[in-house]
Amino acid sequence: MKRIMLCALIGATGLTLTACKDGKPPFNEIPDFVQGEINQSSYDGVTDDLLTAGLGASGLSSVPAPAFADPLNPTAAELRRLAIYNNYRALVDTAAGGGYGTFFGPQVDASGEGLIPGDEYIAYMAVPGTDVPVTVMAQVPDSFDPDRPCMVTAPSSGSRGIYGAIGTAGEWGLKKGCAVVYTDKGTGTGSHNLATNTAQRIDGTLTSADEPVQFRADLTDEQRADFDSAWPDRFAYKHAHSKANPEADWGLHVLQSIEFGFYVLNEKFGRELGNGETLLTINPKNTVVIASSVSNGGGSSVRAAEQDTRGLIDGVAVSEPNVNPQVDRSFTIRQGEGPAITEHSRSLLDYTTALAVYQGCANQAPSIRDDAPLNATFNPTAIGENICNSLANKGLVSGATLDDRATDALRILNEDFGIQPEQNLLAPVHFGLAVAQSISMTYANAYGRAGVEDRVCDLSLAAVNGAGAVTQIAPAAEAALFSASNGIPPSAGVNIVYDSADGQPTNLPASASPSSNQLDYGLDALLCLRSLAQGSDAISGADLEGSDAELATAIAEGIAEVRASGDLQGKPTVFVTGRADAILPINHTSRPYFGLNQRVEGKKSNFRYYEILNAHHLDVLNGFPGVADRYVPLHHYYFQALDLVWANLTEKQALPPSQVVRAVPRGESAPPLAEANLPAINPEPDAADQIVFEDDQVRIPE
C-alpha cells in the first residue's frame, strides 16, 4: 500500500499545523488501532455490489432467503450475501404496501435494481484496555467524488454484526455517493462454541484453529474443558461475554471508524507526488461527515459526537437512538396535559429488566389482551396467568383475579417506570420475541464485565430441542450464524437457557421457576436480573450480599460508563423517534436527552427532536397483520432526518424546530402507504405541534 504523508504541503490540504503529529498529517498511514491485514474487495454492481450483495431490490424483498451451495461449508461470499439480506430485512419493512420501493429501498432515486458498484475494506481494530477485536469496514462507491467528499457512519444497530446498518445509514450514504464507515461496536455474532472451540473469522467462516477470530471466551483450554464438562454444549457471545463492556467505547469505535475511512479514502484518491509519497487530499476540513445509524448504532454516533475532540464529525442524524442520558432531575417531562414525569432517564437495564419481569403478566390486562397485535400468538394465556400468580405470591402485584393482577402489572410499568401508554399495544409482541429478556441477560453480563463461566443468574446460551432441553447445535445452523444471528440470543438457533429451571436446564420461555414449581417463563431468573439492575432484592428490597452485591456494584459502574453527557458541541443534530417505541421508551431516551442538551448547551444548541406519532422501533413488524394497519415506517423519517442534516451542512438550510409529526396509520385492511400517511417534518410547525423546553420542563404536544 502507498504511504500517504507530506506535512510540508499542509496548506494545500487545508489542515493546520496543529493537526500534524511527529511531522506527519493525520490519516497518512494505517491507523495504530488496526489489527492485522485490511481485506479489500471490489464489486462490479452487476454480479455483486456494496448494498444488496448482488440481490438487487427485488432479491432483498423476496423469499426464501438466498441459499448456500453447501450448507455445511458456505463460502465467504455466500455468508456476506445472506448477512446483507437478513440485516436489511431485520430493520426495513420490505412487505408489499409498506413503502418499500416507493418511499425507500435500493431502487428509489436510483437506476434499475439499485446495485451499487465500489470497493469494500474490512479489518479488525482495538481500543485501549481490551484486546477483544472490533470489526471496522469502509465502503467506497464508484460514485464517490473526491472533489466533493462525504462520509456517513453506520455502526450496527442492536448487537448486530458489521452489516447491521446496511439498510439504514448504509443505503442512504451509498446512494448519496458517500463513503460509509461501519463498525460492529464490539458486538456482532462473535459466537464461541465452548464444546468445539469453534468461532467465526472476520468473513464469517468457522475455524477451531488458533488464528484471529471475532471472539473467543477468556478461558484456557483446561478451563473451557472443565466448563463444558459441567455445562455441555454452551456458547459464549461477544457482546455478553467479552468482559469489555463494549458500550462504554461505542463512541470511540465510531470515531476510529471515521479515521479508518479517511485512511482508506486517501489510499484510494491521494495524489501521487512521484517520489513514492502521496499528498493527503481528503480530510475532515473538506469532507462532509454525518454520524448516523439507528437504535444502538444511533446511540453510538451520538456518543461519538459528544467525544469528538478532533472535528471529525460535522453533523448527526439518528433514529430511535439508544442513549442513556446523564440523570438530571432538575427538569421534568410532560406530554400534553398529562402528569409531569420526574423519574425519567432510567438506564436501559433498569427499565428493560422491569419489562422482563412484569410484561408477561401485563399482556393479560383486559385493556390490551385481545387488542395487542400477535399477543395471543406469542403469549399463551396460561403462562401469563402463571407469571401473574407468581408475582402475586411474591407480593409484587396485587389483585384477586387474573384481570386485576395483570392490570396492576401494567400500571406498574406505565406509572412507576414511565412507559408511555402508546407503547402498550406493541409491548406484548416484543415480550413474545424475548426482546426484554435477551437485552436484560446480555447487558447485565456486559455492564458487569462477567464471563461466560459466571453464568449470571444461572443463565447460559445453547441450542435446545423441542422440549427445551440443551442439545448440540445443528452443524448447518452453526455454519450460518454469522449471517443469521443478530448477536443477542435467542437468535438463529442459540437460546437463553435457565440452568436452575425446575427439573433440568431448560429454554427460558419453557422454564418453571424453583420457587413456584410452575411454568412461569423462568421468573426467578428474571427477578435475579432485576435485582442486579436495581441494586437490591427485587422481592424484599433488602440489600444484596456477597457476590451478588459485588456484581450489582460492577453493573452500576458499567452503566455509569455509558451515560451520555448531552453536549453535542453545537453540531447540527436530529433525532427521530416513534412515540410507540416499546424497546427504548422515550421518557428515558430521546425526550430526556433533549432536555439534558438544553440544560448543557442552552442557546448554543443546534439539536432538533422530532417525535413521530404512530411509529415504533421495529419497522419489520409493520408487515404483520394487526401492526400494518396501525403504524407507519419510522425509517421514512430517518431518511428525512439525514436529508435535513445534509441540507444544513451543504446548503445552510435551517433545521426545522423540534416537533411532533402527526403521521397517519394506513387503517383497516392496510391499503398501500401513501403520501397522506407521511406528512413531512414541517419547516414551520404550528405552535401546538412544537416540542419546547420551558420553565424546567420538556413539553411534548399530545
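Observations
- The Cα trace of segment 46-205 gives Rg and Dmax of 16.0, 53 Å, the first to one decimal, the second as a whole number.
- Reachable aspartates and glutamates from Lys185, criterion Cα separation under 14 angstrom, eight or more residues apart if same chain: Asp131, Glu247, Asp249
- Principal axis extents of the Cα atoms in segment 576-702, from largest to smallest and rounded to whole angstrom, are 46, 33, 24.
- Protection-proxy order for peptides 327-340, 127-140, each taking the mean of Cβ atoms within 10 Å per residue, highest first: 127-140, 327-340
- For segment 385-526, the Cβ-based charge dipole about the Cα centre amounts to some 240 debye (Lys, Arg positive; Asp, Glu negative; other atoms uncharged).
- Accessible-area composition of segment 33-190, carbon plus sulfur, in percent [1.4 Å probe]: 50 percent
- The distance linking segment 91-132 with segment 555-576 is 25 Å (Cα centroid to Cα centroid, whole angstrom).
- Each peptide in 537-548, 173-184, 395-406, 473-484 receives the mean, over its residues, of other Cβ atoms within 10 Å, and ordering these scores from highest gives 173-184, 473-484, 395-406, 537-548.
- Of the listed residues Leu425, Leu391, the order by accessible area with a 1.4 Å probe, largest first, is Leu425, Leu391.
- Pairs from Lys175/Lys285; Lys176/Lys571; Lys285/Lys571; Lys604/Lys652; Lys268/Lys571 whose Cα-Cα separation, in the structure shown, is over 19 Å: Lys175/Lys285; Lys176/Lys571; Lys268/Lys571
- C-alpha center-to-center spacing [segment 408-472, segment 171-203] in angstrom: 24 Å
- Using a simple spin-label model with pseudo-atoms 7 Å out from Cα toward Cβ, Arg310 and Lys603 lie 3.4 nm apart.
- nm² value of the averaged projected area, convex hull over the Cα atoms of segment 26-124: 8.7 nm²
- Taking a ≥ b ≥ c as the square roots of the eigenvalues of the Cα gyration tensor, an a/c ratio of 1.5 or more together with a/b larger than b/c marks segment 391-523 as prolate.
- When its C-alpha radius of gyration is set against 2.2 N^0.38 Å (N residues), segment 463-600 gives a value of 1.39.
- Among the trypsin sites (Lys or Arg not before Pro) in segment 598-658, those located in a DSSP loop and surrounded by at most 14 other Cβ atoms within 10 Å of their own Cβ are Lys652.
- When the square roots of the Cα gyration tensor eigenvalues are ordered a ≥ b ≥ c, the ratio a/c for segment 200-244 is 1.5 or more and a/b exceeds b/c, which makes its shape prolate.
- For the chain, the solvent-accessible area works out to 35 Å² per residue, with a probe of 1.4 Å and every protein chain left in place.
- Using heavy atoms of the protein chains and a probe of 1.4 Å, the accessible area assigned to Ser111 is about 100 Å².
- Taking every DSSP beta bridge that has both ends in the chain, the antiparallel portion is near 55%.
- Rounded to the nearest 20, the size of the Cβ-charge dipole of the chain about its Cα centre is 1160 debye, with Lys and Arg at +1 and Asp and Glu at -1.
- Sorted on the mean count of surrounding Cβ atoms within 10 Å across their residues, most packed first, peptides 578-584, 283-289 read 578-584, 283-289.
- Taking only Cα atoms of segment 306-419, radius of gyration then Dmax in Å: 18.3, 61
- Pair-distance distribution P(r) for the chain, from all Cα-Cα distances in 10 Å bins starting at 0: 3, 15, 26, 28, 19, 7, 2, 0, 0 percent.
- Taking the chain and dividing mean pair separation by its residue count, relative contact order in percent (alpha carbons under 8 Å, at least six apart): 14 percent
- Rounded if a/c under 1.5, otherwise prolate or oblate - segment 219-357, Cα gyration tensor axes: oblate
- When the surface is traced with a 1.4 Å probe over the full set of protein chains, Asp119 keeps roughly 20 Å² accessible.
The values are calculated or read from the model by the stated rules, or taken from the named source; none is laboratory data. Since the model is a prediction, treat every value here as computed from it, not as a measurement. Positions of Cβ are backbone-derived with ideal geometry, glycine not excepted, and every protein chain shown enters the neighbour counts. Remember, those area values only see protein heavy atoms, side chains included, never the ligands or the DNA or RNA. Shrake-Rupley method; radii C 1.70, N 1.55, O 1.52, S 1.80 Å.
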